[in-house]
Amino acid sequence: MIPFYESKTKDLHIEKFYKMNFPAHLHKHLELIYIYEGNLSVTVGSCSEVMSSGDMVLVFPNTVHKYEECGEKYSSGLMVIFSPASSGEFYNTIMKNRPSKPFILSRSVHKDIPYSLNGMYEEMQTGGDALVCHSFIQLILSRAMPLIELDKNSKSSDCDLTYKIIDYISQNYKDPISLEILSQNFGVTRNRLSHIFTSGLNTGFYDYLNMIRLDHASHMLRSSDIPITQICYDCGFETQRTFNRVFKNFYGISPSEYRDKIKSEAKQ
């Protein structure tokens, strides 16, 4: 999957996915995931669910969320990311609230939702008429929003700070980053930063930073023939030895084995 940490200028992004593993992140757009096959563990805020065929999740803006494969069969589905401005009459509700449970299981998903998702995907493949796509989004939200229980947004400065930290890391992951550097940049203590990672992102700072770097590295290994040594340094690792160790700890195989495996699967 192409990394999607930074603030996007496009109002709509839609793609089919296979093997969805994506570390904790957030952004200013809404994000919808609809599962075709397989099982996918999804965490949104403090709420988690193992999603399967026909299930969907709607992630509101500025909400931490992550995806992890959890079954023998990799998940596949459709991901849509769109601007709150496209939500029409639902805009105020979406900006002032967040779902207590953002998941809608297959038995409750109205047939208009997969119809609209597939229609929007096909429309985007041929250039994407903005009015048509907006109409599909309105239909999806009209069917989905009544099924989602909402809580009022809490006014927490940690939410804004978390967003700023994630955005900073997404823009600077190639450079040396430490808690000390973040502390100086954002004017907060290292202890508060550590708390944001452990409680808000459910991981330690260096584990999170490595996940971001590894996600970019795995994308480059899949989509290019750039030498592994160059990928190592382009993704912010100081030595190839460290890169190989961290990569193998996370993926279970070395970067070269990962690239060979992807090429082998592509030929099948």
*asked:* With surrounded by fewer than 17 Cβ atoms within 10 Å (Cβ to Cβ) and of a type in the set (S, T, N, Q) as the only criterion, which of Ser41, Ser116, Ser46 stands out?
replied: Ser46
*Can you tell me which residue within the range 22-39, out of those that are part of a loop (DSSP other than H, G, I, E, B) and not charged (D, E, K, R), is nearest to Ser116 (Cα to Cα)?*
His29
*Within the range 212-228, can you find the residues that are farther than 22 Å from Ile166 by Cα, touching a Phe, Trp or Tyr at 6+ places or on another chain (Cβ under 9 Å) and not hydrophobic (A, V, I, L, M, F, W, C)?*
Arg222
*Conditions: (1) of a type in the set (Gly, Ala, Ser); (2) open to solvent by less than 20 Å² (accessible area, probe 1.4 Å); (3) part of a loop (DSSP other than H, G, I, E, B). Ser154 meets all but one. Number of the miss?*
(2)
*Would you pick out the residues in the range 233-268 that are assigned to a helix (DSSP H, G or I) and modelled with pLDDT under 90?*
Phe250, Tyr251, Lys261, Ile262, Lys263, Ser264, Glu265, Ala266, Lys267
*Considering every residue within the range 227-248, establish whether at least one is of a type in the set (Gly, Ala, Ser) and loosely packed, with under 12 Cβ neighbours inside 10 Å.*
no
*Determine whether Arg213 is open to solvent by 70 Å² or more (accessible area, probe 1.4 Å) and part of a helix (DSSP H, G or I).*
no
*Just wondering, is there one or more residues in the range 120-130 that are surrounded by fewer than 16 Cβ atoms within 10 Å (Cβ to Cβ), among the polar types (S, T, N, Q) and over 21 Å from Gly45 (Cβ atoms)?*
yes
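The values are calculated or read from the model by the stated rules, or taken from the named source; none is laboratory data. A quick note: this is a predicted structure, and the numbers were derived from the prediction, not measured. Note: ideal-geometry Cβ built from the backbone for every residue, glycine included; neighbour counts use all protein chains shown. Side chains are part of the model used for accessible areas, which takes the heavy atoms of the whole protein and leaves out ligands, DNA and RNA. Shrake-Rupley method; radii C 1.70, N 1.55, O 1.52, S 1.80 Å.
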